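Enquirer: My questions will all concern the structure given below.
The values are calculated or read from the model by the stated rules, or taken from the named source; none is laboratory data. Nothing here was measured: the structure is a model prediction, and the numbers come from that model. Positions of Cβ are generated from backbone atoms using ideal geometry, with glycine treated the same way; all protein chains shown enter the neighbour counts. For the accessible areas, the whole protein counts, side chains as well, though only heavy atoms, and no ligand, DNA or RNA atoms are used. Shrake-Rupley method; radii C 1.70, N 1.55, O 1.52, S 1.80 Å.
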Amino acid sequence: MSGKAFMALPEGADATSEFRSCLVELMRLTGNQVPSRATDSRDEARQWEAEVRKKLRERLDTRQAPEQWFDTLVRAAVLDPNPSFNRQFVEPAVASFGRRRVLTTLIRHLRTGTNQERAGAARAWYWAQPSLEITGQDDTGKWIPTPDSQAEFEAVADLSAEWGEATLREFVANDDLDVRRCILPGLSLRPERHPAELHGLVAEAVNVARTHPDEYLRHRVEHQV
């Protein structure tokens, strides 16, 4: 394996009108006044978005989200084109409605959504999935997670397996470049991590990435096999 650093995920498209509609709706739900825009220029649109994100971040960080926020909050996470900023919608959704409900909804977006929603679900999954907190290593060198993080990980292990198969199938079958770019970083490409019946699909996914005209896919796959 090469010692080169990961190539950064290429920037997606600018925020869509659907995403901005989600921001407006979240501003309304959180009791914030929506700032006005004098023009529709790209620079002003970005300034408007930055101001709205700041106001929402302050409000979402300080209160429990009521039930009527769920759909808009998750939809904002899915439609957000920024793979780092979408965290501000994912984490409040998980905290307020539970990890399992959020993960289940992201799986649905991956399977039945538009290509934009499929790519966005993959970006949002990164922040929604549980992570193991490591306390050290045992005598064999195996990592030791904290009991709480291990329990949280195991509580949604079935959904993680479901996501793993769904993203593998989507990567192979869907030739949309943004979908493939967003899925690949979280895709396990080692056959032993999948049931035997999926090993052929893993090999097909590796071949798709290695022979793809997109430089990012060709570069990224070599770090994952």
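Enquirer: Which one of 214, 178 is modelled with pLDDT of 95 or more and surrounded by fewer than 16 Cβ atoms within 10 Å (Cβ to Cβ)?
Expert: Exactly one residue qualifies, and that residue is 214.
Enquirer: So, in segment 92-106, exactly how many residues are buried (at least 17 other Cβ atoms within 10 Å of the Cβ) and more than 9 Å from the chain's Cα centre (by Cα)? Break it down into steps so the answer makes sense when it comes.
Expert: Restricting attention to segment 92-106, the residues satisfying the condition of being buried (at least 17 other Cβ atoms within 10 Å of the Cβ) are 92-94, 96-97, 99, 102-103, 105-106.
Narrowing further to those that are more than 9 Å from the chain's Cα centre (by Cα): 92-94, 96-97, 99, 102-103, 105.
So the answer is 9.
Enquirer: Does residue 51 fit the bill of being out of contact with any Asp or Glu (no Cβ under 6 Å at 6 or more places or on another chain), over 17 Å from residue 81 (Cβ atoms) and at pLDDT 90 or above? Write out each step before concluding.
Expert: Working: out of contact with any Asp or Glu (no Cβ under 6 Å at 6 or more places or on another chain): yes; over 17 Å from residue 81 (Cβ atoms): yes; at pLDDT 90 or above: yes.
Yes, satisfied.
Enquirer: Checking the conditions here, which among 53, 59, 75 is basic (Lys, Arg), touching a residue at least 24 places away in the same chain (Cβ under 8 Å), within 19 Å of residue 113 (Cα to Cα) and open to solvent by less than 90 Å² (accessible area, probe 1.4 Å)? Full working, then the answer.
Expert: Values: 53 fails: within 19 Å of residue 113 (Cα to Cα); 59 fails: within 19 Å of residue 113 (Cα to Cα).
Only one candidate passes the filter, namely 75.
Enquirer: Does residue 30 fit the bill of being surrounded by 10 or more Cβ atoms within 10 Å (Cβ to Cβ), of a type in the set (Val, Ile, Thr), at pLDDT below 90 and closer than 20 Å to residue 86 by Cα?
Expert: Details: surrounded by 10 or more Cβ atoms within 10 Å (Cβ to Cβ): yes; of a type in the set (Val, Ile, Thr): yes; at pLDDT below 90: no; closer than 20 Å to residue 86 by Cα: yes.
No, not satisfied.
Enquirer: Just checking, which of 16, 39 is β-branched (Val, Ile, Thr) and either open to solvent by 90 Å² or more (accessible area, probe 1.4 Å) or farther than 25 Å from residue 117 by Cα (or both)? Talk me through it step by step, then tell me what you get.
Expert: Working: 16 fails: either open to solvent by 90 Å² or more (accessible area, probe 1.4 Å) or farther than 25 Å from residue 117 by Cα (or both).
Of 16, 39, the one residue that is β-branched (Val, Ile, Thr) and either open to solvent by 90 Å² or more (accessible area, probe 1.4 Å) or farther than 25 Å from residue 117 by Cα (or both) is 39.
Enquirer: When you check residue 45 against the structure, is it at negative phi, at pLDDT below 90, more than 18 Å from the chain's Cα centre (by Cα) and in a helix (DSSP H, G or I), yes or no?
Expert: Values: at negative phi: yes; at pLDDT below 90: yes; more than 18 Å from the chain's Cα centre (by Cα): yes; in a helix (DSSP H, G or I): yes.
It is true that residue 45 is at negative phi, at pLDDT below 90, more than 18 Å from the chain's Cα centre (by Cα) and in a helix (DSSP H, G or I).
Enquirer: If the Cβ limit is 6 Å and pairs must be 6+ apart or interchain, which residue in segment 210-225 that is more than 22 Å from residue 193 (Cβ to Cβ) and touching a residue at least 24 places away in the same chain (Cβ under 8 Å) pairs with which residue that is open to solvent by 30 Å² or more (accessible area, probe 1.4 Å) and β-branched (Val, Ile, Thr)?
Expert: As it stands, the answer is none, since no pair meets every condition given.
Enquirer: Which of the numbered conditions does residue 94 fail, given that it passes all the others? Conditions: (1) modelled with pLDDT of 95 or more; (2) touching a Gly at 6+ places or on another chain (Cβ under 9 Å).
Expert: Among (1) modelled with pLDDT of 95 or more; (2) touching a Gly at 6+ places or on another chain (Cβ under 9 Å), the lone unmet condition for residue 94 is (2).
Enquirer: For segment 110-130, check the following and say yes or no: at least one residue is open to solvent by 30 Å² or more (accessible area, probe 1.4 Å), of a type in the set (Gly, Ala, Ser) and assigned to a loop (DSSP other than H, G, I, E, B).
Expert: Start the filter on segment 110-130 by keeping residues that are open to solvent by 30 Å² or more (accessible area, probe 1.4 Å), which leaves 111-112, 114-116, 118, 126-127, 129.
Among the residues that remain, those that are also of a type in the set (Gly, Ala, Ser) are: none.
No, every residue in segment 110-130 fails to be open to solvent by 30 Å² or more (accessible area, probe 1.4 Å), of a type in the set (Gly, Ala, Ser) and assigned to a loop (DSSP other than H, G, I, E, B).
Here's the yes/no breakdown for (1) assigned to a helix (DSSP H, G or I); (2) touching a residue at least 60 places away in the same chain (Cβ under 8 Å); (3) over 16 Å from the mean Cα position of the chain (by Cα):
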site: 135; (1), (2), (3): no, no, yes
site: 140; (1), (2), (3): no, no, yes
site: 144; (1), (2), (3): no, no, yes
site: 151; (1), (2), (3): yes, no, yes
site: 182; (1), (2), (3): yes, yes, no
site: 185; (1), (2), (3): yes, yes, no
site: 189; (1), (2), (3): no, no, yes
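Enquirer: Filter segment 78-91 down to the residues that are surrounded by fewer than 24 Cβ atoms within 10 Å (Cβ to Cβ) and either among the basic types (Lys, Arg) or assigned to a loop (DSSP other than H, G, I, E, B) (or both) and list them by number.
Expert: 81, 82, 83, 84, 85, 86, 87
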